[in-house]
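Novice: Let me give you the structure first, and then I'll get to my questions.
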Amino acid sequence: MNIMIGFTGGSKSKNLEKIEPEPALGLALEYLMGYLGDSISHSYVNGCFTKWGSDPFVRRSFSAALPGHYESRNNIIEPIGARLFFAGAACTT
């Protein structure tokens with residue numbers, strides 16, 4: 001099984017959240033077809049579109065370590081004081 005995951009950021013993600021998931025997924029497929037050719041559309045089975053920017057607890061959250069600094073992800077595993085704890089993929093080593 002092949003899986004592809006895509007992310008957008010900035011104003012592009014804000015604009016995509018204003019439309020319904022199906023048209024947004026269609027735009028993503030068109031974008032892929034521009035890079036990989038029209039035949040890629042025959043391999044598309046299903047898609048999922050999240051609106052993390054609209055979630056008051058997530059608000060466009062995404063994490064990535066700079067190249068060569070993967071170990072810096074360990075810094076957010078530790079709580080800040082006894083009140084602020086981080087969770088999610090960024091805390092997985």
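The values are calculated or read from the model by the stated rules, or taken from the named source; none is laboratory data. For clarity, every value in this text was computed on a predicted model and none was experimentally measured. A quick note on method: Cβ atoms are made from the backbone with ideal geometry, for glycine too, and the neighbour counts reach across all protein chains shown. To get the accessible areas, we keep the full protein, side chains included, count just its heavy atoms, and leave off ligands, DNA and RNA. Shrake-Rupley method; radii C 1.70, N 1.55, O 1.52, S 1.80 Å.
Novice: With the crude spin-label approximation of a point 7 Å out along Cα→Cβ, what separation in nm comes out for residue 84 versus residue 1?
Specialist: 3.8 nm
Novice: Which one of 26, 68, 53 has the biggest mean-square fluctuation once the chain is modelled by GNM with Cα springs under 10 Å?
Specialist: Among 26, 68, 53, the largest GNM mean-square fluctuation belongs to 68.
Novice: So what's Rg/Rh here for segment 33-87, counting alpha carbon atoms and using the Kirkwood radius for Rh?
Specialist: 1.18
Novice: What is the helix-to-structure angle for 21-36, meaning the angle in degrees between its Cα long axis and the longest Cα principal axis of the chain, kept from 0 to 90 and rounded to the nearest 10?
Specialist: 80 degrees
Novice: Here's something else I'd like to know. With each pseudo-label sitting 7 Å past Cα toward Cβ, what's the residue 73-residue 48 distance in nm, one decimal?
Specialist: A separation of 1.9 nm, rounded to one decimal place.
Novice: Using θ = phi - 60° and the Karplus curve 6.51 cos²θ - 1.76 cosθ + 1.60, what whole-Hz ³J(HN,Hα) does each residue of segment 50-57 get, with Gly and Pro shown as x?
Specialist: Result, ordered by residue: 9, 10, 5, x, 8, 7, x, 9 Hz.
Novice: With every protein chain left in place, what is the accessible area of residue 7 in Å² (1.4 Å probe, nearest 10)?
Specialist: 130 Å²
Novice: Which one of 82, 15, 26 has its Cα pushed farthest toward the positive end of the charge dipole of the chain, where Lys and Arg give +1 and Asp and Glu give -1 at the Cβ?
Specialist: 82
Novice: Give, to the nearest whole percent, the P(r) tail of segment 1-42 beyond 15 angstrom, counting all Cα pairs. All intermediate terms of the calculation are to be shown ahead of the outcome.
Specialist: Details: 411 of 861 pairs.
Counting every Cα pair in segment 1-42, those more than 15 Å apart make up 48 percent.
Novice: OK, next. Compute the whole-percent fraction of alpha carbon pairs in the chain spaced more than 18 Å apart. List each step's numbers first, then the result.
Specialist: Working: 2588 of 4278 pairs.
Result: 60 percent of Cα pairs exceed 18 Å.
Novice: I would also like to ask the following. Springs between alpha-carbon pairs under 10 angstrom, Gaussian network model over the chain: which of 24, 82, 65 fluctuates most?
Specialist: 82
Novice: So if we plug the beta-carbon distance of residue 36 and residue 12 into 1/(1 + (r/R0)^6) with R0 = 22 Å, what FRET efficiency do we get, rounded to 0.05? Let's see the in-between values first.
Specialist: On the way: r = 19 Å, r/R0 = 0.88.
With a Förster radius of 22 Å, E is 0.70.
Novice: While we're here: Expected output is a single nm value to one decimal: the length gained when fully extending between residue 91 and residue 57, i.e. 0.36 nm times separation in residues minus the C-alpha distance. What is it? Please list the in-between numbers first.
Specialist: On the way: separation 34, 0.36 × 34 = 12.24 nm, distance 1.69 nm.
Computed gain between residue 91 and residue 57 is 10.6 nm.
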